[in-house]
Amino acid sequence: MAQIHIDKESYDVKNGKNLLETCLSLGYQLPYFCWHPALNSVGACRQCAIKVFKDEKDTRGRIVMACVEPVSDGLHLSVADPEASAFRSQNIEWLMTNHPHDCAVCDEGGSCHLQDMTVMTGHAYRRFQYPKRTHHNQYLGPLVHHEMNRCIQCYRCVRFYKDYAGGKDLDVFAAHDHVYFGRAKEGILESEFSGNLAEVCPTGVFTDKTLHTHYTRKWDLTMAPSVCQHCSLGCNIIAGERYGSLRSITNRYHEAVNGYFLCDRGRYGYEFVNHPSRIQHPNVRGRQVSGKELYTTLQDLLTSKNWIGVGSPRASLEANFALRKLVGDQNFYQGVSKVEADLLQRILHMTHSGQIHQPSLQEIEQADLVLILGEDPTHSAPRMALSIRQAVRNIPLQQTASTHIPAWHDVAQREYIQDTKGPLYIAYPVASKLDELASYTLHDHPDVLAAFGFDLAQAIGDDPLGDQNEPTLLRNIAEALLKAERPLIVTGTSLISHNILEAAWAIAMALKHQNKNASLSFILPSCNSAGLAYMEAEPLEVLMKSAKQNGISGAIVLENDLYRHYDALELDQFFESLEDIIVLDHLEQPTTAQATVTLPAATFAETSGTLVNNEGRVQSFYQVYMPKNEDIRPSWQWLTELYQIKIGLTPDLLYPSTPLLEELAASLPQFAGIGAHAPTFGLNGQKIPREPHRYSGRTAMLAHIAVSEPRPDQDELSPFSFTMEGSRGFPPPPLTPYYWSPGWNSNQALNKYQIEVGGALAGRHAEVNLFAMASTIPYPTKKGGVNQSQSVIQNATTHTFELLPITHIFGSEELSGYGDAISKLAPAPYFAINKQEASRLSLQPGVDIHLRIGKQTYPLTVQIGQELPAGCAAIPYNIPPLTGITWPAQGTLIPTTP
Amino acid sequence: MFSLLRSMAITFLHLFSKRETIQYPEERVPLHPRWRGRIVLTRDPDMGERCVGCYLCAAACPVDCISLQATEDEQGRRYPEFFRINFSRCIFCGYCEEACPTYAIQLLPDFEMAEYNRQNLVYEKEDLLIDSQGKYPGYNYYKVAGVDSGIKPKGGGTNENPPVDIHQILP
Ligand code: SF4
Ligand code: SF4
Ligand code: SF4
Ligand code: SF4
Ligand code: FES
């Protein structure tokens, strides 16, 4: 603690911070550009000028940049000093001399940090009469829009893109007042985190290109707090709607999860919500049916047959539970394959044993050693890769502790540590983007990777003096693991391998036995994989068998394309054996094509729900808007209605969603306490408005339909209102629909929501974590025994290959893959083998081949993946047309006649 | 009694004072150019749509009776896809005109907008757009903005230097 005096007021503040963050945390309105709470200080923009004084009596003082000046005890400083304010206002005037007259057509307008800061300093009229410098723009791909004229040279973009996210293709060019931020050559930005540029850049140079196509100002969006649906990490997002379509996703800060950043799959994956092939109306045997007829049809169907329900790892807990309740727990199945269900069961058992800690993304960022076993986080849990990129800096950064470089001094730190990196070990079949940071990489068959893991566990467990016969490499890694203070092991389900999971567990347990508390992070297949697995239902294999045996004639499939989990032919046969198939989903997909009844289900933006992420964290997403078409309803609501129809009640439209969660907790003890996870909110009975106070067009947006305004949509179920009326305070973090504070229209209003700038959000109450409710049933540690010779196809003379599923950030996830921008970035279906194999089969890269997997044939293009082992081929996981495969799989090349 | 007579006398005298009533519609009141009546969307000197779809008028409107959606042509020129004013709500305060950075939306000295059917007071862009620059001739926002939207190339606007050659580092 230090005592400082700002404008004659005394404060006790934390040591080790800079004056800018200290002043902002204390609520001073101090403008800044180049400093960012996650990127720290460089002192490039000269905007945060304040005056510091030698002592109490000093009246002259000197102007310093607050962001590069440390807190020191007894410091006297002034923010309001006339010279300092004049400096700030003149600085902005300088920055603005070249700024274009663009606000009206600039997508940043209304959430522009530059606008906010300009107003804050009071600079209002342009005095500079001379010509402005101009720049050409670049095409940067389908995600980010570039308008270089608006740049104020704060360097935030390159500091985020290159230094923080490890991108290579965005840089600074030219010199002095000509500096240019872009690529050496036009082209698609390579980083998976490029979308963050739109939020990091304080001006409109980088903006969201998908928003551009249906542009809406921030003040016109109806917004709600939401949770990303596109991987298992559960990043917090804000989703915004206008005129009945979802317009944008922006970051919602969560100090323990995503912090300030999202990945591009999460930011741009929303486009499926507005997709033209959204299912709009209930359809019974090819005919659009509604109202009474629909109900009588459904009633007939429900009462006349034996039904089973197929749940979904991408549907909410509420929806899955409503289905389970409708069909009965005996008839409820997980809509995933047996291998996937087994993998998840193992993971749940591991996490539930309470033996090893599951880290949050923030804890991952703190790790001082990372071992990745059988995952490529950049593609399977992208935001985690960004955290790992920060973690490898921890060891080098520790060295700066002995210097006088403060923790917030980004440039000095980076200068000091240069390119040194902490230990990162990666074992994955193909080269990955994180390899460039790794101290050691192993590319091989999953079983070889697992064997490596078991050997490592053994090496850790051995006498520390070491078995002299052990390979030194293994020894070194084991020693590094034992030396590390916060070692982290990342593993997951991407390679669909039990051995990988067991090996990772063995390493963590070996460390535990040496009194090292390693953390173990699992990457799961979908946003609610953990939640569905917790329901402990049987997988698809069992479902098909029992359907045959028990004379099941109807299936209800919830928000799931089963063809992404199971063999296409078997599924076809299964569907044929049924009389009726009810499918609830958002979009037309292969499973809905099999349905006799399709019911349009609301997406995450049109309903609320609860998900369990990869660390067991229970989080809710809230409805953003009411679907304009009344036939589109939340799945939980459809299913509850079906339940009511089935038991002979009249369907009650306003069945509340919270009791579903409470019912779930009551009927499945593993969910105990889950009903309490979401904070309730009510200030004198007021709701939280989804619309900002400057929302426009209320009395005109629907006037073309009828001039008398309809009553606004009512929301009985959530703490939010669909209007701009309600409480304008600071709601608890999980219920914050957007960030705004007087004078702070951009996302940087977030400062005002944090207890301390860059820290935790104010008012967060304890979250529910299902993994934390440990059962203390220990998970047995395996000792290895992976039989490689059996699983690897050694016989490299055939045309048959063992296939390795390679997950891709763009395309492998179902819903985001439907989006316009993301589908452009998805890789074309390829077939990758190493050079020797290719020459053995005389295949050239780029040649089209046909691969038979099971009974299906897929057209693919040959690629060389030099690191792949013989007998193995890599294909992109679940990128159409490569669906309908039961994993693990083999593929046989079919000779094509040219 | 007296006051009653006085009132009658005053009323009687008014018979001889100057008439305020005019024979509308044959005769009309002269309206000043800045009189706030009918709202129109004007065009720039090249007869392109002036409105750039910035939403400022909608935000400024105290009764929220303006609603629009911005879109872009192939050249990147932004314009409103639809633009709607609900005149049954409009209070003719002129805030929209004041907020407009492009002089696109203007209030004209014309008040003859009465309708029998309230629905007819909802004006779409086709009803609002006129073939004139209105009160502020000569202004084209895209000539002074920094964006290239097919009106002028980068660096070709008023008071702009040609685009920087980023490969040269000379001062
Ligand atoms: S960056 Fe901000 S100040 Fe600059 S044109 Fe865009 S909205 Fe206006
Ligand atoms: S492009 Fe944006 S972030 Fe980069 S230097 Fe310019 S203003 Fe700053
Ligand atoms: S990392 Fe996963 S949860 Fe986070 S934004 Fe990306 S896809 Fe969404
Ligand atoms: S303020 Fe002017 S330019 Fe902007 S939307 Fe309204 S009419 Fe168009
Ligand atoms: S914020 Fe301090 S110099 Fe830029």
Give the residue from A:104, A:618, A:598 lying farthest towards the positive end of the charge dipole for the protein assembly as shown; charges sit on Cβ (+1 for Lys and Arg, -1 for Asp and Glu) and the dipole is referred to the Cα centre.
A:104
How high is the relative contact order of segment A:570-645, given as a whole-number percent (alpha carbon pairs under 8 Å, six or more residues apart)?
24
Note the full-extension length gain between residue A:485 and residue A:775 as 0.36 nm times their separation in residues minus their Cα-Cα distance, in nm to one decimal.
101.7 nm
Contact-by-burial set, segment A:89-112, min loss 40 Å², accessible area of protein heavy atoms with 1.4 Å probe, reference chain alone, gives A:101, A:104, A:105
Rounded to whole Å and sorted largest first, list the principal axis extents of the Cα atoms in segment B:36-138.
41, 25, 22
Can you return the lysines within cross-link range of residue A:433? Criterion is Cα-Cα under 22 Å, with same-chain partners fewer than 8 residues away left out.
A:162, A:168, A:185, A:421, A:824, A:835
FRET efficiency for residue A:573 and residue A:799, using Cβ-Cβ distance with R0 set to 22 Å, rounded to 0.05:
0.25
Calculate the spin-label point distance for residue A:857 paired with residue A:38, positioning each point 7 Å from the Cα along the beta-carbon direction, and give it in nanometres.
4.8
Taking every pair of distinct Cα atoms and averaging 1/r, then inverting, what Kirkwood hydrodynamic radius in Å comes out for segment A:353-524?
16.3
Taking 0.36 nm per residue of separation and subtracting the Cα-Cα distance, what length does fully extending residue A:546 through residue A:498 add?
14.8 nm
Once phi is turned into ³J(HN,Hα) by the Karplus curve 6.51 cos²θ - 1.76 cosθ + 1.60 with θ = phi - 60°, what whole-Hz value does each residue of segment A:500-517 show in order, with x for glycine and proline?
4, 4, 5, 5, 4, 5, 4, 5, 4, 5, 4, 5, 4, 5, 8, 6, 10, 8
Leaving out ligands, DNA and RNA, and with a 1.4 Å probe, what % of the accessible surface on the protein assembly as shown is carbon or sulfur?
53
What's the Cα-based Rg to Rh of segment A:2-95, Rh via Kirkwood?
0.94
Just need log10 I(q)/I(0) for segment A:800-893 at q = 0.20 Å⁻¹, Debye formula, equal scatterers on the alpha-carbon atoms, no solvent, rounded to two decimals.
-0.94
Accessible surface ranking that places the most exposed of A:744, A:887 first, with a 1.4 angstrom probe:
A:887, A:744
For a quick check: with amide H placed at 1.01 Å from N, whose amide H comes under 5 Å from residue A:854's, ignoring anything fewer than 5 positions away on the same chain?
A:890
Per residue, how large is the accessible surface of the protein assembly as shown? Use a 1.4 angstrom probe and give square angstrom.
41
Could you please tell me the mean projected area of the C-alpha convex hull for segment A:66-201, averaged over all directions and given in square nanometres to one decimal?
10.4
Rounded to whole Hz and in sequence order, give me ³J(HN,Hα) for segment A:815-822 from the Karplus expression 6.51 cos²θ - 1.76 cosθ + 1.60, θ = phi - 60°, writing x for Gly and Pro.
5, 4, x, 6, x, 5, 5, 5
Per the helix-only calculation at 222 nm, which mean residue ellipticity applies to chain A, given -39500 (n - 2.57) for every DSSP H run of n ≥ 4 and division by its residues, nearest 500 deg cm²/dmol?
-7500 deg cm²/dmol
Taking 0.36 nm per residue of separation and subtracting the Cα-Cα distance, what length does fully extending residue A:404 through residue A:836 add?
150.1 nm
What does DSSP give for segment A:511-663 in terms of the percent of beta bridges that are antiparallel, rounded to the nearest 5?
30
Taking every DSSP bridge whose two residues both lie in the protein assembly as shown, the antiparallel percent to the nearest 5 is 60
Relative contact order %, chain A, counting alpha carbon pairs below 8 Å whose residues are six or more apart:
14
Does anything in segment A:292-318 have its amide N under 17 Å from the 7 Å Cα→Cβ label point of residue A:646, and if so which residues?
A:295-312, A:318
Residue farthest toward the positive end of the dipole of segment A:353-524, with Cβ of Lys/Arg at +1 and Asp/Glu at -1: which of A:372, A:361, A:425?
A:361
To make sure I understand the rule: partners must be aspartates and glutamates, Cα under 13 Å from the Cα of residue B:143, and not fewer than 8 residues away in the same chain. Which ones qualify?
A:102, B:44, B:46, B:160
Computed accessible area, residue A:768, all protein chains, 1.4 angstrom probe, square angstrom:
20
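What does DSSP give for segment A:353-524 in terms of the percent of beta bridges that are antiparallel, rounded to the nearest 5? Intermediate results must be reported in sequence, preceding the final value.
Working: 0 of 17 bridges.
Just about 0 percent of them are antiparallel.
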Quick one: Cα convex hull volume of segment A:665-737, Å³ per residue?
130
When the solvent-accessible surface of protein heavy atoms is calculated with a 1.4 angstrom probe, in what order do A:130, A:164 fall, highest first?
A:130, A:164
Over 20 Å intervals from 0, what percent of Cα-Cα pairs in chain A sits in each interval?
14, 45, 34, 8, 0
Run the simple label-point estimate for residue A:292 and residue A:172 please: 7 Å along Cα→C-beta, distance reported in nm.
7.3
Sequence-distant lysines (8 or more away, or on other chains) whose Cα lies within less than 27 Å of residue A:325:
A:292, A:305, A:338, A:545, A:548, A:646
Which of the peptides A:31-40, A:195-204, A:69-78 is most tightly packed, and how do the rest follow, judged by the mean count of other Cβ atoms within 10 Å per residue?
A:195-204, A:31-40, A:69-78
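Using Stokes-Einstein with the Kirkwood hydrodynamic radius over Cα pairs, what translational diffusion coefficient do you get for segment B:1-67 at 25 °C and a viscosity of 0.890 mPa s, in µm²/s rounded to a whole number?
Translational D for this selection: 138 µm²/s.
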Can you tell me, using C-alpha contacts under 8 Å and at least 6 residues apart, the relative contact order of segment A:353-524 as a whole percent?
30
Based on the Cα coordinates of segment A:438-530, what is the per residue volume of their convex hull in Å³?
107
What is the dipole size for chain A, taken about its Cα centre, with +1 at each Lys and Arg Cβ and -1 at each Asp and Glu Cβ, in debye to the nearest 20?
1520
Describe numerically, in nm with one decimal, the distance between label points set 7 Å from Cα along Cα→Cβ at residue A:514 and at residue B:74.
6.6
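Rounded to the nearest 100 Å², what is the sum over both chains of accessible area buried where B meets A, with a probe of 1.4 Å?
Values: alone 12100 and 35030 Å², together 43300 Å².
So the total buried area for this chain pair works out to about 3800 Å².
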Dimensions (Å) - segment A:351-391, Cα atoms, principal axes, largest first
28, 20, 15
May I ask you to evaluate 6.51 cos²θ - 1.76 cosθ + 1.60, the Karplus curve with θ = phi - 60°, for each residue of segment A:240-250 and list the ³J(HN,Hα) values in order in whole Hz, giving x for glycine and proline?
x, 10, 8, 6, x, 10, 6, 9, 6, 10, 10
Probe radius 1.4 Å, ligands and nucleic acids left out: which of A:218, A:8 has the largest accessible area, and how do the rest follow?
A:8, A:218
Non-local amide H neighbours of residue A:687 (under 5 Å, H modeled in plane, Pro and chain starts lacking H): which ones?
A:727
If r is the Cβ-Cβ distance from residue A:125 to residue A:686 and R0 is 56 Å, what FRET efficiency results, to the nearest 0.05?
0.85
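The values are calculated or read from the model by the stated rules, or taken from the named source; none is laboratory data. Being a predicted model, the structure only gives us computed values, none of them experimental. Because the Cβ atoms are built from the backbone with ideal geometry, glycine has one as well, and the counts that use them run over all protein chains shown. Keep in mind that these areas ignore ligands, DNA and RNA; they rest on the heavy atoms of the full protein, side chains included. Shrake-Rupley method; radii C 1.70, N 1.55, O 1.52, S 1.80 Å.
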